[in-house]
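The structure appears below as structure tokens.
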Amino acid sequence: MLGLKRNDVRLVPYDPQWSQRADERIKELSAVTDIPENRFAHIGSTAIADMPAKPIIDLAIGVDQLDADHNDLFCRLKQCGFLRLRVQKQEEIVFAAFTDDSYETKTHILHLMTYNGELWNNLLFFRNYMNTHSAEHSAYAALKKRAAAAHPTSIPAYTEEKTAFVHHIYQLRT
């Protein structure tokens, strides 16, 4: 079952249906936004086979310029249930879909970023690397479990604990 309440850090075993659900959302988003499917990607731990993950599907959407006027795109994403979050990040704009109008439980996160930019390439490299390198896959799974146990109510702390490992994998891309 998809969904996680705000600030809840809970990992669940890998679900092979996550990829199918991501593909379904990508097709829907592509049709509504007129952005080609190849500019969408399933990212994050739900895109890594056999990886424990928070039960939220992460998707990336690539645009030519992040600083362009995207008001029409934002309206179309809202039609699909994605609301812009207050998260401030330099390389991306973040949206989320929720289970209902209480906006308490997120099911999907959508990261708008520059297509084929550094962040786009890093995220896809990380996903692909984890899917093809078993030693690093196992190490990352163990790290995620430790971080979740240590920070069950702090997504920022959980994320920070994984940062050095993730950046190490990014460095392998160059």
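Side notes on the structure shown:
- Filter pass, residue 10 being open to solvent by 40 Å² or more (accessible area, probe 1.4 Å), outside any helix (DSSP H, G or I) and closer than 23 Å to residue 100 by Cα: yes
- Among residues of the stretch 95-114 being of a type in the set (Ser, Thr, Tyr) and open to solvent by 60 Å² or more (accessible area, probe 1.4 Å), the one that is farthest from the chain's Cα centre (by Cα) is 102.
- For the stretch 16-30, taking the residues that are in contact (Cβ under 8 Å) with a residue 24 or more places away in the chain and of a type in the set (D, E, K, R), the one that is most open to solvent (accessible area, probe 1.4 Å) is identified as 21.
- Of all residues in the stretch 31-84, those being within 17 Å of residue 116 (Cβ to Cβ) and either out of contact with any strand residue (DSSP E or B) (no Cβ under 9 Å at 6 or more places or on another chain) or open to solvent by less than 70 Å² (accessible area, probe 1.4 Å) (or both) number 16.
- Test: residue 129 is under 14 Å from residue 51 (Cα atoms) and buried (at least 17 other Cβ atoms within 10 Å of the Cβ): yes
- Subset tally (residues that are within 18 Å of residue 123 (Cβ to Cβ), open to solvent by 70 Å² or more (accessible area, probe 1.4 Å) and in contact (Cβ under 8 Å) with a residue 60 or more places away in the chain) for the stretch 142-167: 0
The values are calculated or read from the model by the stated rules, or taken from the named source; none is laboratory data. All of these numbers come straight from a predicted model, not from anything done at the bench. Using ideal geometry, Cβ is built from the backbone for each residue, glycine included, and neighbour counts are taken over all protein chains shown. Areas reflect the complete protein model, heavy atoms only, side chains present, ligands, DNA and RNA absent. Shrake-Rupley method; radii C 1.70, N 1.55, O 1.52, S 1.80 Å.
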